[in-house]
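A short reminder: the numbers here are calculations on the coordinates, not readings from a lab. Note that this is a predicted model, so its numbers are computed, not measured. Counting neighbours? That spans all protein chains shown, and the Cβs are built from the backbone with ideal geometry, glycine included.
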Amino acid sequence: MKKILSIAFLSTLITGYSQSDYYCDSIVKDLNDLNSHYFYKQIKTKYPSTQITHGLAVLDTNSSLAVKSSFKTKQTGVFGPFLNADNSISYIKVFELGEDTLMNMNYILLHKGAGVEKKADSLLEEIFNGESFESIASKYSLDPGKNNGGKFGWFIKGQMVSSIEDGINNHENGDVFNVETREYGWYIIEVVETAIKRQYIEYIEVKINNCL
């Protein structure tokens, strides 16, 4: 019985270049073309099986291998592949390196309007009584960040809504409070880190399971 070989398989036999190689090279090209981590959805839409982290990162014990390496190289651009402990690989694009006063928070976005303050107070009381912030965020937040337990991450002081920054400044690490913003309505904020000067990178990291 004759076997019909796919074009991708024939290409592998002839050039040694596999379909997964094309896949990874395509991701690297698209990362090179990306101008900001805010456009991460372009990558996620085109490569839905990937895992993406993005935003600002500081160097700490929880940093990925790609992020740690980026702090060592101190350069912008696309780097990788990095082999992770779970045998996946990562590519990272560093858009900016800098040092500034940073803050870190988790958040739950609620509605605008009458009656929302009572809802915010009620959810805040649940957290004070032992319900996890992540659980409340996943159930009630109106922001896509609910899928990540309400994690927002690091941001540069002065770039957040002023009422949220003012609230963080008036609290300590680990505190939870609610605040109303004119622009977006009510939030519940968990303070991860009050204002602190740190080195940071602005980045997007793409984790891939099928390039090796």
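Over 28 Å between C-alpha atoms is what I'm after, so list which of Lys41/Lys118; Lys119/Lys207; Lys72/Lys146; Lys44/Lys74 land there. Can you show the working numbers first?
Values: Lys41/Lys118 34 Å; Lys119/Lys207 38 Å; Lys72/Lys146 32 Å; Lys44/Lys74 26 Å.
In this structure, Lys41/Lys118; Lys119/Lys207; Lys72/Lys146 exceed 28 Å between Cα atoms.
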Rg over Rh, two decimals, segment 101-198 (C-alpha only, Kirkwood Rh): 0.94
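What's the FRET efficiency of Lys72 with Ser36 using the Cβ-Cβ distance as r and R₀ = 35 Å, to the nearest 0.05? Each step should come with its number before you reach the end.
Numbers: r = 23 Å, r/R0 = 0.66.
Using R0 = 35 Å, I get an efficiency of 0.90.
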Around Gln159 (Cβ within 12 Å, Cβ-to-Cβ, excluding Gln159; K/R +1, D/E -1) the net charge comes to -2
Of all trypsin sites (Lys or Arg not before Pro) in segment 30-131, the ones in DSSP coil with at most 10 other Cβ atoms within 10 Å are Lys74
Compute the distance in nm between two label points, each set 7 Å from the Cα along the Cα-to-Cβ direction, one at Ile156 and one at Gln19. 4.3
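FRET efficiency for Ala85 and Asn173, Cβ-Cβ distance as r, R0 = 30 Å, nearest 0.05? Mind showing how you got there, number by number?
Working: r = 28 Å, r/R0 = 0.95.
Taking R0 as 30 Å, the efficiency between Ala85 and Asn173 is 0.60.
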Out of these labelled values of Rg/Rh (Cα atoms, Kirkwood Rh), (i) 1.08; (ii) 0.93; (iii) 1.04, which was calculated from the coordinates shown here? (i)
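In a shell of Cβ-Cβ distance under 13 Å around Lys146, excluding Lys146 itself, what net charge do Lys and Arg (+1) and Asp and Glu (-1) give? Mind showing how you got there, number by number?
Numbers: positive: Lys139, Lys151; negative: Glu134, Asp143.
Local net charge: 0.
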Points 7 angstrom from Cα along the Cβ direction at Ile196 and Glu131: gap in nanometres? 2.9
